[in-house]
Amino acid sequence: MAGKRKECVDFGAAVRRFREKQGYSQEALADKIRVHRTYLGGIERGERNPTLTTIHRVADAFGVPAWRLFRDAEDNE
């Protein structure tokens, strides 16, 4: 986890769990939230620190409020 911030790693893992639970591929979710697939992969690996706008797009794609993503990240540390 060298160079990665724990909160980004935890948030990315939450995004991956939601994505897999809802049956999205990385490519399909990336298209839906208007980012490149490699950027989404970086979020999921904790290598990227997404903007608030991107966080809200992700939450909207999953049909949940943004705080649910953060709650899931905290609950699964």
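Computed from the coordinates by the stated procedures, all read-outs in this text should not be read as laboratory data. Keep in mind the model is a prediction, meaning the values are calculated, not measured. Quick reminder, even Gly has a Cβ in these numbers, built from the backbone with ideal geometry, and neighbours come from all protein chains shown.
Tell me, yes or no, whether region 18-25 has at least one residue that is surrounded by 15 or more Cβ atoms within 10 Å (Cβ to Cβ) and in a helix (DSSP H, G or I).
Quick first cut of region 18-25, residues surrounded by 15 or more Cβ atoms within 10 Å (Cβ to Cβ) only: 18-19, 24.
Filter again for in a helix (DSSP H, G or I), leaving 18-19.
Yes, some residue in region 18-25 is surrounded by 15 or more Cβ atoms within 10 Å (Cβ to Cβ) and in a helix (DSSP H, G or I).
Give the residues of region 31-76 that are over 18 Å from Val9 (Cα atoms), touching a helix residue (DSSP H, G or I) at 6+ places or on another chain (Cβ under 9 Å) and not basic (Lys, Arg), sorted by residue number.
Asp31, Ile33, Val35, His36, Asp60, Ala61, Phe62, Val64, Pro65
Could you list, in sequence order, all residues of region 16-30 that are in contact with a helix residue (DSSP H, G or I) (Cβ under 8 Å, 6 or more places away or on another chain), more than 21 Å from Arg5 (Cβ to Cβ) and of a type in the set (D, E, K, R)?
Correct list: Glu27 only.
Looking at Ala61, Ala73, which one is without any contact (Cβ under 8 Å) to a residue 60 or more places away in the chain and of a type in the set (Gly, Ala, Ser)?
Matching residue, one of Ala61, Ala73: Ala61.
Considering region 31-55 alone, what residues qualify as being assigned to a loop (DSSP other than H, G, I, E, B), among the β-branched types (Val, Ile, Thr) and within 19 Å of Arg71 (Cα to Cα)?
Passing the criteria: only Thr51.
Of the residues that make up region 10-22, is at least one free of Cβ contacts under 8 Å to residues at least 12 places away in the same chain and at negative phi?
yes
Sort through Ala28, Ala59 and tell me the only one that's crowded, with 17+ Cβ neighbours inside 10 Å, assigned to a helix (DSSP H, G or I) and not basic (Lys, Arg).
Ala59
Just name the residue that is nearest to Ala73 (Cα to Cα) out of those in region 31-56 that are of a type in the set (S, T, N, Q), surrounded by fewer than 17 Cβ atoms within 10 Å (Cβ to Cβ) and free of Cβ contacts under 8 Å to residues at least 24 places away in the same chain.
Per the stated criteria, the residue is Thr51.
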